[in-house]
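The values are calculated or read from the model by the stated rules, or taken from the named source; none is laboratory data. Treat the numbers as computed from the prediction; the structure is a model and nothing was measured. Note: ideal-geometry Cβ built from the backbone for every residue, glycine included; neighbour counts use all protein chains shown.
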Amino acid sequence: MKPSRRKTTKPSIVPAYEPAFREVVGLIQAARQRAYQTINTELIDLYWRVGQCISRKLETAGWGEGVVDELARYIAQHHPDIKGFTRRNLFRMRQFFLTYRHDTKVSPLVRQLSWTHNLLILSKCKRPEEREFYLRLCIRERWGKRELERQLDGALFERAILAPQKVSPLVTLLHPGSETIFKDTYLLDFLDLPLGHSEADLQRALVANLKKFLLELGRDFTFVGEEYLLQVGGKDYSLDLLFFHRELRCLVTFDLKIDEFKPEYLGKLEFYLEALDRDVRKPHERPSIGVLLCATKDDEVVEYALSPAVSPALIAEYQMRLPDKELLRRKLHEFYQLALPPATTDSPPARKQRRSSKGVT
């Protein structure tokens with residue numbers, strides 16, 4: 001009886017070549033991304049040109065809306081392989097062109113997003129600056145369709161205009177431009193926490209929903225850890241949540257509070273930031289930033305507290321449900337009305353009033 005030969009498996013060579021393998025995969029993925037972007041740009045350009053053509057025909061060639069109906073039927077009957085050119089979509093393409101044709105600053109941005117993203121922004125945003133706001137954020141944060149819908153429903157634009165982020169002077173001094181990265185209010189509607197939740201409940205829920213929380217924070221935030229341990233003077237202290245921001249090149253700690261902001265909270269946060277910078281921050285990194293995330297805050301109290309702050313700190317609040325978007329829209333309308341320059345004495349209404357008052361004794 002012949003002895004059975006045991007099959008021996010060769011040791012994997014992957015570990016030795018893994019860096020090179022990752023490089024090849026990176027080249028493939030980058031090429032795919034460029035190809036997708038090229039196709040998307042061509043598609044958006046096509047919709048732009050179709051919208052431009054239809055707009056010109058309606059204005060100069062005596063076309064009525066019925067002719068556009070016929071065009072949609074013609075494409076469907078004679079070119080069934082061409083999809084997506086229904087009457088509704090043709091008029092969307094016209095609206096797309098008319099909305100951005102004179103906006104040389106924004107029109108290049110629309111070509112960097114998908115048609116679905118563009119339609120969402122076009123249908124839900126009323127003001128040019130609102131459309132630009134979401135276009136730029138979509139590109140910067142690489143939002144998918146669902147996240148864009150969530151931010152639109154959460155009235156991010158209205159909240160950003162009506163309640164700009166309050167930061168300590170040191171934040172803008174040490175981290176110029178950081179006020180565009182942090183928010184005054186974070187929408188945590190995905191947590192589904194009860195009204196009487198504790199700080200521990202909030203922390204656990206954020207970690208359990210970390211992917212969604214990172215989307216709310218922004219693309220360049222990387223999670224470092226929860227209950228991050230600091231040792232000072234033989235005593236242990238823990239940070240609720242610690243992140244690293246790649247663009248700012250600094251550590252960012254979130255201190256969670258389930259009640260209204262109190263000035264004394266800031267002293268504790270400044271202590272944490274000092275410990276981070278002395279014992280954790282690496283030489284090539286910039287000074288750490290602290291965010292006090294509270295259930296509510298009084299803006300005047302926040303302003304007074306941050307004015308003498310000796311550390312780069314921010315105060316923000318969190319909301320557990322979508323805000324009343326229509327109420328925010330009305331407040332935003334009032335904000336813009338107040339921002340309008342007052343009528344001058346040489347304005348047409350004033351001149352008309354002066355003319356009508358002549359001869360009146």
Using beta carbons and a limit of 8 Å, which pairs, at least six apart or on different chains, have the first residue in the range 182-197 and closer than 20 Å to HIS245 by Cα and the second one surrounded by fewer than 15 Cβ atoms within 10 Å (Cβ to Cβ)?
ASP184/PRO164; LEU187/LEU322
Those residues of the range 267-323 which are modelled with pLDDT of 90 or more and among the hydroxyl-bearing types (Ser, Thr, Tyr), in sequence order:
TYR272, SER288, THR296, TYR304, TYR318
Those residues of the range 69-90 which are part of a helix (DSSP H, G or I) and touching a residue at least 24 places away in the same chain (Cβ under 8 Å) amount to LEU90
Given the residues VAL207, VAL167, VAL171, which is the only one that is among the β-branched types (Val, Ile, Thr), surrounded by 15 or more Cβ atoms within 10 Å (Cβ to Cβ) and closer than 25 Å to LEU328 by Cα?
VAL167
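Which residues, taken from the range 242-277, are charged (D, E, K, R) and in a helix (DSSP H, G or I)?
Hits for the range 242-277 are GLU264, LYS268, GLU270, GLU274, ASP277.
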Any residue at all in the range 302-314 that's part of a strand (DSSP E or B) and buried (at least 17 other Cβ atoms within 10 Å of the Cβ)?
yes
(1) out of contact with any helix residue (DSSP H, G or I) (no Cβ under 7 Å at 6 or more places or on another chain); (2) charged (D, E, K, R); (3) at pLDDT 95 or above: which one isn't true of ASP240, the others all being true?
(1)
Residue among LEU306, LEU293 that is in contact (Cβ under 8 Å) with a residue 60 or more places away in the chain, in the same structural domain as VAL207 (by TED's automatic domain parsing) and under 24 Å from LEU195 (Cα atoms):
LEU293
Does ARG246 count as free of Cβ contacts under 8 Å to residues at least 40 places away in the same chain, over 30 Å from GLN337 (Cβ atoms) and of a type outside the set (S, T, N, Q)?
yes
